[in-house]
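Structure first, commentary second.
The values are calculated or read from the model by the stated rules, or taken from the named source; none is laboratory data. Computed from a predicted model, the values in this text were never measured in an experiment. Don't worry about glycine lacking a Cβ; one is built from the backbone with ideal geometry, like all the others, and counts go over all protein chains shown.
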Amino acid sequence: MNRHVLRLAVFGAFLTQVPLVSAHGESSSPFLTEGSAIVIALGGILITGLAVAGKRSERISPRSALYTALFGISVATLGVILFEGVTPDPAYTASSMPFPRSWYVPLSLGVGLSVTLFSFVAGWLRWPTRPRYTFLGMFVGLWIAYPSLIPGTASDTHPVGYALVVSLPVLIGYIVWTDARHAIAAAVRDTVARRFALGITIVTALFFVSASNYLSFFPDEDVPPETVVDVLSVVYPLVTWQTLEVYLPDVPVFAAMSIGVAILVGTVSLLVGLNALLIGFQWRSWGVAEGATVQGTAGPTAVIGACACGCCGPLVAKVAILAAGPSVAAPLYWLFVDPSSPFASAFLVGGIVLFTGSLVYATNAVQAGSSTRPTVSGESDPA
């Protein structure tokens, strides 16, 4: 228990050293810049890489590797959040759009119909005894095509749109319960893997709301210095949701949340956390082959980009400005930020589906090694 108190004290002391900012994109300290944020993010990535390398070379124990990896991921996430906060928001005009918005209707219909047809054929040929996979793919196609199926402002408040958003965690939950509950039940008994998963879940939620500007410690310059609590109608995700917005200038912090965003944040964070749980369990399991561990690690890592792009277009655009200039960043901004863009919807729900598939895939590796796995040392480690 004393160890945890000490960790919290050290982390709290670190937070007190992070300087407050006076405006979005402006820091009251010369040390909090784009460059320092990038250094922090790269440092976190390096720490995570060293943890993985140390575990694979058996220089450190799986327990230490998981805690070190969690620390590295947290540091990298902090760096990304700081980068998003201290970088000025780019301003784009309609002339910078890659193609007219009128193209969105045929594009969303074409992409949605293609996904639906492909899901039906793939499910029929590959998983004839698991129709839930087919339904999930067809659900994604319907989500992408929805703004064009119900054109105009009617799509902002149509019951079908609300039903789609609410059905997303239900369908994902059914698949996870059917295909992964036994592996999750076995993995959750490992104390270290459980802590690792909890940490990753929290970090993912913070990243999601920060990158999508639903949480910010970097208020805009033109915001009046007074406490604001308001409820606004925001069209995201898919339909209009009553969104609670709170701004506390003395902190400073801006936070916003709606039922729709809470559904997305909860779904994404839990899926990433469950993937992390199985990864941690494999790292701690002696009976699971190294190849399975590598595959289980590579799966979630490969789809993080796809999932993140659907919710943090502003961050993608800022990185693109830094790497390739405004001419490249502008199309990315419109593709991933515009709520009516079919690409934004495709990356968002597509990323969630890929996380679900990665979880089911990792479940097979865990179940394959569970029969020969010896008791993991520390499954009931004291806190």
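Starting from segment 236-258, keep only residues that are over 25 Å from GLU221 (Cβ atoms), then list their pairs with residues that are part of a loop (DSSP other than H, G, I, E, B) whose Cβ atoms are within a distance under 6 Å, requiring at least 6 positions of separation or different chains.
Pairs that qualify, where the first residue is over 25 Å from GLU221 (Cβ atoms) and the partner is part of a loop (DSSP other than H, G, I, E, B), are THR240/THR157; TRP241/SER258.
So, of the residues in segment 210-234 that are aliphatic (A, V, I, L, M) and at pLDDT below 90, which turns out to be surrounded by the fewest Cβ atoms within 10 Å (Cβ to Cβ)?
Within segment 210-234, the subset aliphatic (A, V, I, L, M) is 211, 215, 223, 228-229, 231-232, 234.
Now restrict to residues that are at pLDDT below 90: 211, 223.
Values: ALA211: 21, VAL223: 14.
In this case the residue turns out to be VAL223.
Tell me, please, whether a residue that is in the same structural domain as ARG284 (by TED's automatic domain parsing), at negative phi and hydroxyl-bearing (Ser, Thr, Tyr) can be found in segment 122-131.
Yes, because at least one residue in segment 122-131 is in the same structural domain as ARG284 (by TED's automatic domain parsing), at negative phi and hydroxyl-bearing (Ser, Thr, Tyr).
Looking at THR129, THR134 in this structure, which one is under 18 Å from ILE172 (Cα atoms), assigned to a helix (DSSP H, G or I) and out of contact with any Pro (no Cβ under 6 Å at 6 or more places or on another chain)? Give the steps one after another, and end with the answer.
On the way: THR129 fails: assigned to a helix (DSSP H, G or I).
The unique qualifying residue is THR134.
Quick check on my filter: what residues within segment 131-172 are surrounded by 13 or more Cβ atoms within 10 Å (Cβ to Cβ) and free of Cβ contacts under 8 Å to residues at least 24 places away in the same chain?
THR134, MET138, ILE150, VAL160
Condition first: assigned to a helix (DSSP H, G or I) and within 14 Å of VAL265 (Cα to Cα). Now tell me which residues in segment 175-217 satisfy that.
Matches in segment 175-217: ILE200, THR201, ILE202, VAL203, THR204, ALA205, LEU206, PHE207, PHE208, VAL209, SER210, ALA211.
Within segment 269-302, take every residue that is surrounded by fewer than 24 Cβ atoms within 10 Å (Cβ to Cβ), hydrophobic (A, V, I, L, M, F, W, C) and closer than 30 Å to SER212 by Cα and give me the one that is modelled with the lowest pLDDT.
ALA302
So, in segment 242-267, how many residues would count as being at pLDDT 95 or above, out of contact with any strand residue (DSSP E or B) (no Cβ under 6 Å at 6 or more places or on another chain) and not in a helix (DSSP H, G or I)?
Number satisfying all stated conditions: 0.
Yes or no: segment 89-98 includes at least one residue that is buried (at least 16 other Cβ atoms within 10 Å of the Cβ), part of a helix (DSSP H, G or I) and at pLDDT below 95.
no
Within segment 61-78, can one find any residue that is surrounded by 13 or more Cβ atoms within 10 Å (Cβ to Cβ) and part of a loop (DSSP other than H, G, I, E, B)?
First pass over segment 61-78, keeping only residues surrounded by 13 or more Cβ atoms within 10 Å (Cβ to Cβ): 61-78.
This time we only want the ones that are part of a loop (DSSP other than H, G, I, E, B), so: 61.
Looking for residues that are surrounded by 13 or more Cβ atoms within 10 Å (Cβ to Cβ) and part of a loop (DSSP other than H, G, I, E, B), one finds at least one in segment 61-78, hence yes.
Scan segment 190-199 and tell me whether some residue there is aromatic (Phe, Trp, Tyr) and within 20 Å of LEU348 (Cβ to Cβ).
For segment 190-199, residues aromatic (Phe, Trp, Tyr) and within 20 Å of LEU348 (Cβ to Cβ): absent.
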